[in-house]
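**Q** Here it is, the structure, as structure tokens.
The values are calculated or read from the model by the stated rules, or taken from the named source; none is laboratory data. Predicted model, so just to flag it, every value in this text is computed and none were measured. Counting neighbours? That spans all protein chains shown, and the Cβs are built from the backbone with ideal geometry, glycine included. In case anyone asks, the SASA skips ligands and DNA or RNA and just uses the protein heavy atoms, side chains included. Shrake-Rupley method; radii C 1.70, N 1.55, O 1.52, S 1.80 Å.
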Amino acid sequence: MKNIVVIGAGTMGNGIAHTFAQSSFTVNLVDVKQENLDKALKTITTNLDRIIAKGNLTEEEKAQTLGNIKTFTDIKDAAPTADLIVEAATENLDLKLRIFAQMDELAPENCILATNTSSISITQIAAATKRPEKVIGMHFMNPVPIMKLVEIIKGYSTSKDTFDTIFEMSKKLGKVPVEVNDYPGFVANRILMPMINEAIETLYNGVAGVEEIDTVMKLGMAHPMGPLQLADFIGLDVCLAILNVMYDGFKNPKYAPNPLLVNMVMAGKKGVKSGEGFYDYSESKKAEKVSKMFLK
Ligand SMILES: NC(=O)c1ccc[n+]([C@@H]2O[C@H](COP(=O)([O-])OP(=O)(O)OC[C@H]3O[C@@H](n4cnc5c(N)ncnc54)[C@H](O)[C@@H]3O)[C@@H](O)[C@H]2O)c1
């Protein structure tokens with residue numbers, strides 16, 4: 001495997017492209033908006049500079065990494081030579097079904113189609129293609145270049161060959177893969193999202209303020225960041241989408257998203273990416289917060 005296509009250049013797509021490119025894979029990064037591709041390249045460059053500042057990368061390796069990435073606004077131009085496509089577009093079932101049907105048409109026969117979805121059924125996504133045995137979940141964590149975990153999710157029809165290939169490839173990226181079966185939220189979000197939702201409920205009920213809730217969880221439970229700040233980093237729209245998938249999938253009210261989360265997303269307050277969530281991420285403050293997180 002050499003040629004990787006990453007679909008979606010947002011929070012996760014830029015990190016996935018960065019990680020493959022730094023491990024010497026060639027990456028075709030695709031987004032519907034040129035401005036998102038430009039922003040992704042800027043973010044990757046900034047993050048590579050941070051790694052250099054920590055003494056873990058040379059200028060030459062940075063240039064090689066950036067040289068491994070090409071950008072595209074049309075998947076038709078990016079897919080024909082792909083060995084692996086990792087889809088990291090917006091968390092929306094209809095969109096993912098459309099993208100997978102299109103990837104199935106365009107990608108070479110042997111190409112594996114992976115999705116970075118946080119919660120949507122791999123089995124349902126695979127059913128949109130004529131190669132369900134080659135469809136798998138590859139759930140990276142945010143920020144991708146730093147976080148070691150990748151949940152490798154087997155859909156109902158995923159073959160052992162596909163699973164083994166992706167499991168081994170994740171190790172080559174320096175990650176620690178974990179085998180998971182295909183149920184809503186998989187493992188990571190099934191446990192994380194109810195905690196984030198409960199933190200929002202605690203705020204909504206007026207039990208404590210944003211900083212106070214996060215401080216309790218940081219200092220009391222030794223979490224590296226509080227649940228409300230983590231929600232801002234994940235994206236409040238992404239958190240809402242994941243909770244809705246689990247709520248629909250299990251038909252269990254314990255996963256119902258808190259109304260404050262719903263309101264904030266409707267108001268366009270999506271966290272770091274929109275400049276405001278539970279915290280303020282206006283340009284100067286954003287740079288400071290993100291750099292603190294990376295340097296941890
Ligand atoms: N944010 C997180 O912490 C996190 C963690 C793990 C997994 N995920 C999952 O990763 C995926 C992406 O999430 P994100 O946070 O990066 O979202 P995001 O909103 O930051 O980025 C999504 C990107 O997809 C692009 N896009 C939309 N339709 C497209 C299409 N047809 N073709 C190409 N690009 C398209 C958008 O323009 C946008 O740039 C989702 O499935 C999400 O659930 C997110």
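**Q** Only one of 236, 261 is crowded, with 16+ Cβ neighbours inside 10 Å and without any contact (Cβ under 8 Å) to a residue 60 or more places away in the chain; which?
**A** Checking each option against the conditions leaves just 236.
**Q** Residue by residue through the stretch 266-277, note down the ones that are touching a residue at least 12 places away in the same chain (Cβ under 8 Å) and either of a type outside the set (A, V, I, L, M, F, W, C) or open to solvent by 30 Å² or more (accessible area, probe 1.4 Å) (or both).
**A** 269, 270, 271, 273, 277 - these are the residues of the stretch 266-277 that are touching a residue at least 12 places away in the same chain (Cβ under 8 Å) and either of a type outside the set (A, V, I, L, M, F, W, C) or open to solvent by 30 Å² or more (accessible area, probe 1.4 Å) (or both).
**Q** A follow-up question, please. So if I check each of 38, 49, which one is in contact with a Lys or Arg (Cβ under 9 Å, 6 or more places away or on another chain) and either modelled with pLDDT of 95 or more or open to solvent by 10 Å² or more (accessible area, probe 1.4 Å) (or both)?
**A** 49 is the lone residue from the list that is in contact with a Lys or Arg (Cβ under 9 Å, 6 or more places away or on another chain) and either modelled with pLDDT of 95 or more or open to solvent by 10 Å² or more (accessible area, probe 1.4 Å) (or both).
**Q** Still on this structure, please answer the following. Cβ-Cβ below 6 Å, separation at least six or inter-chain, first residue in the stretch 1-14 and under 16 Å from residue 41 (Cβ atoms) and part of a loop (DSSP other than H, G, I, E, B), second within 8 Å of the ligand (Cβ to nearest atom) and open to solvent by 10 Å² or more (accessible area, probe 1.4 Å): which pairs?
**A** 8/88; 8/89; 9/31; 9/36
**Q** Just checking, which of 6, 32 is within 12 Å of the ligand (Cβ to nearest atom) and open to solvent by 50 Å² or more (accessible area, probe 1.4 Å)?
**A** One residue alone meets the criteria, 32.
**Q** Can you tell me how many residues within the stretch 187-236 are touching a helix residue (DSSP H, G or I) at 6+ places or on another chain (Cβ under 9 Å) and assigned to a loop (DSSP other than H, G, I, E, B)?
**A** Matching residues across the stretch 187-236 total 8.
**Q** Of (1) assigned to a helix (DSSP H, G or I); (2) more than 15 Å from the ligand (Cβ to nearest atom); (3) open to solvent by less than 60 Å² (accessible area, probe 1.4 Å), residue 168 satisfies all except one. Which?
**A** Checking residue 168 against (1) assigned to a helix (DSSP H, G or I); (2) more than 15 Å from the ligand (Cβ to nearest atom); (3) open to solvent by less than 60 Å² (accessible area, probe 1.4 Å), the one that fails is (3).
**Q** Being open to solvent by 50 Å² or more (accessible area, probe 1.4 Å), of a type in the set (S, T, N, Q) and more than 12 Å from the ligand (Cβ to nearest atom) is the filter here, so list the residues in the stretch 239-258 that pass it.
**A** 252
**Q** Same structure, new question: Hey, among the residues in the stretch 100-120 that are in contact with a Ser or Thr (Cβ under 8 Å, 6 or more places away or on another chain) and away from the ligand (no atom under 12 Å from the Cβ), which one's most open to solvent (accessible area, probe 1.4 Å)?
**A** Among them, the one singled out is 108.
**Q** May I ask you to verify whether residue 40 is part of a loop (DSSP other than H, G, I, E, B) and not assigned by TED's automatic domain parsing to the domain that holds residue 233?
**A** It is false that residue 40 is part of a loop (DSSP other than H, G, I, E, B) and not assigned by TED's automatic domain parsing to the domain that holds residue 233.
**Q** Also, I was wondering about something else. Tell me, which residue of the stretch 121-152 that is more than 15 Å from the ligand (Cβ to nearest atom) and of a type in the set (Ser, Thr, Tyr) is farthest from residue 92 (Cα to Cα)?
**A** Across the stretch 121-152, the extreme among qualifying residues is 129.
**Q** Hey, could you check the stretch 12-29 for residues that are in contact with a Leu (Cβ under 9 Å, 6 or more places away or on another chain) and away from the ligand (no atom under 16 Å from the Cβ) and say which is farthest from residue 233 (Cα to Cα)?
**A** Within the stretch 12-29, the match that is farthest from residue 233 (Cα to Cα) is 25.
**Q** If I filter the stretch 92-99 for residues that are open to solvent by 50 Å² or more (accessible area, probe 1.4 Å), closer than 25 Å to residue 120 by Cβ, touching a residue at least 40 places away in the same chain (Cβ under 8 Å) and assigned to a loop (DSSP other than H, G, I, E, B), do I get at least one hit?
**A** For the stretch 92-99, residues open to solvent by 50 Å² or more (accessible area, probe 1.4 Å), closer than 25 Å to residue 120 by Cβ, touching a residue at least 40 places away in the same chain (Cβ under 8 Å) and assigned to a loop (DSSP other than H, G, I, E, B): present.
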